[in-house]
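What follows is calculated from the coordinates using simple rules that are stated; it is not laboratory data. In this text, all values refer to a predicted model and were calculated from it rather than measured experimentally. Glycine also receives a Cβ, built like all others from the backbone with ideal geometry; neighbour counts cover every protein chain displayed.
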Amino acid sequence: MYSLITNRLMEEYNINISVTELQSLGDTHLSDHVLSKIRECREYFTELSESLEVVDSISNPTGIYKYVKKYSRQNGTHYYYDFETDKDKKRVITEEQRNNLGEFKRSKYAYSHYTPNDPNEYVIVITDHLSLLQTEAGASTLHESMTRMSAEYARKNITKHFKYVFVGIQQQSSDKEKLQFTNTGSSIDQKLEPSLDGLGDNKLTQRDALVILGLFAPDRYGIKQHLGYNVSKLRDNYRCLIVLKNRIGKPNLKLGLYFNGMTNYFEELPSIMTDQNYENYKK
């Protein structure tokens, strides 16, 4: 919540303070001006708290899926159809009606569709991050847990049936951290940038995604220039957004971003920033 507040202060009022300053730790304290702006954000955060839920007590794939399924039942209806006599799905029954049938008759019904109570609601399920998933029965390794979460639960159920949006955050393999060089000794940026092949712990998850975005921080590796931007001037305030996969648009795109780590703020940089144009860098 502290991070969300600092981000909101930056976006709305261009106030740049850290989480440490927000908590008045050490010798820091908030001015009356900043406090007044935080109070102005009260309505925004009230609305946000009504639509945002952070769950940090469930970390296994099946547990996450059950939690999402419970939400879907509370906010919509699942329907089933008799796949032997009603292939056109004209006589669907609810999940509750199906559960009241005998075991043999219940086995004749297959999943049909889900109807939300609010057709304008967007449910976004964010798993941060996939490599922290716990193992469970039938998925005794991290690789198997990630596959189950991504393929079985996210793609086949959460997105296909519920029509929810699933965002799986996944880190790159630690091997990508190793600097790689050409024969002349110069660093190869492309080998350090995020890639589908460099996904950590499980590369199969890329098959399930419609869109995959990667974030790259060249300053971390001492890279001085990237996409025409002077990283030695921008330093850790520069990020590159890379569209690694895109089934609904164009892939293989790169975009320079200004990044403020103190407030988790991103903004697109001008497309051309020459070393002579000092004002752009200063700004």
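Across every direction, the projection of the convex hull enclosing the Cα atoms of segment 95-136 has a mean area of 5.6 nm². Pairing the Cα long axis of helix 42-51 with the longest principal axis of the chain, what angle in degrees results, from 0 to 90 and rounded to the nearest 10? Orientation of helix 42-51: about 40 degrees from the principal axis. Thinking of segment 54-137 as a set of Cα atoms, what percent of all their pairs are more than 15 Å apart? So the pairs more than 15 Å apart make up 67 percent of the total in segment 54-137.
The angle between the Cα long axis of helix 61-74 and the main principal axis of the chain comes to about 70°, on a 0 to 90 degree scale. Within the chain, the longest run free of exposed loop sites, counting chymotrypsin sites (Phe, Trp or Tyr not before Pro) that sit outside DSSP helix and strand states (H, G, I, E, B) and have at most 15 other Cβ atoms within 10 Å, spans 123-283. To the nearest ten degrees, helix 2-13 and the longest principal axis of the Cα atoms of the chain are 60 degrees apart. Express the Stokes-Einstein translational diffusion coefficient of segment 17-165 in µm² s⁻¹, to the nearest whole number, given a Kirkwood radius over alpha-carbon pairs, 4 °C and a viscosity of 1.567 mPa s. So the translational diffusion coefficient is about 68 µm²/s. The percentage of C-alpha pairs in the chain whose separation is greater than 33 Å is 42%. For a straight C-alpha distance cut-off of 26 angstrom, the lysines reachable from Lys160 (same-chain residues fewer than eight places away being disregarded) are Lys66, Lys69, Lys70, Lys87, Lys89, Lys90, Lys105, Lys108, Lys203, Lys245, Lys250.
If you wrap segment 1-101 in the convex hull of its Cα atoms and look at it from every side, the mean projected area works out to 11.2 nm². Here the calculated FRET efficiency for His33 and Glu268, from their Cβ-Cβ distance with R0 = 30 Å, stands at 0.60, rounded to the nearest 0.05. When restricted to Cα atoms, segment 196-268 yields an Rg and a Dmax of 13.7, 38 Å, respectively. Residue separation of Leu25 and Asp128 scaled by 0.36 nm, minus their Cα-Cα distance, works out to 34.3 nm of gained length. Taking 19 Å as the straight-line reach from the Cα of Lys282, the lysines in range (excluding those fewer than 8 positions away in the same chain) are Lys224, Lys233. Computed over the chain, relative contact order equals 14 percent, with contacts defined as Cα pairs under 8 Å that lie 6+ residues apart.
Highest GNM mean-square fluctuation among Val34, Val231, Val68, for the chain modelled with Cα contacts below 10 Å: Val34. Beta bridges assigned by DSSP with both partners in the chain are antiparallel in approximately 85 percent of cases.
Length available on full extension from His161 to Glu11: 0.36 nm per residue minus the Cα-Cα distance, which gives 50.5 nm.
For Lys37, a cut-off of 20 angstrom between C-alpha atoms picks up these aspartates and glutamates, skipping any fewer than 8 places away in its own chain: Glu11, Glu12, Glu21, Glu47. Helix-only mean residue ellipticity at 222 nm, the chain, DSSP H runs n ≥ 4 weighted -39,500 (n - 2.57), per residue, nearest 500. What is it? Calculated from helices alone, the mean residue ellipticity at 222 nm is -7000 deg cm²/dmol. Shape summary of segment 103-255, radius of gyration then Dmax from alpha carbon positions: 19.8, 71 Å.
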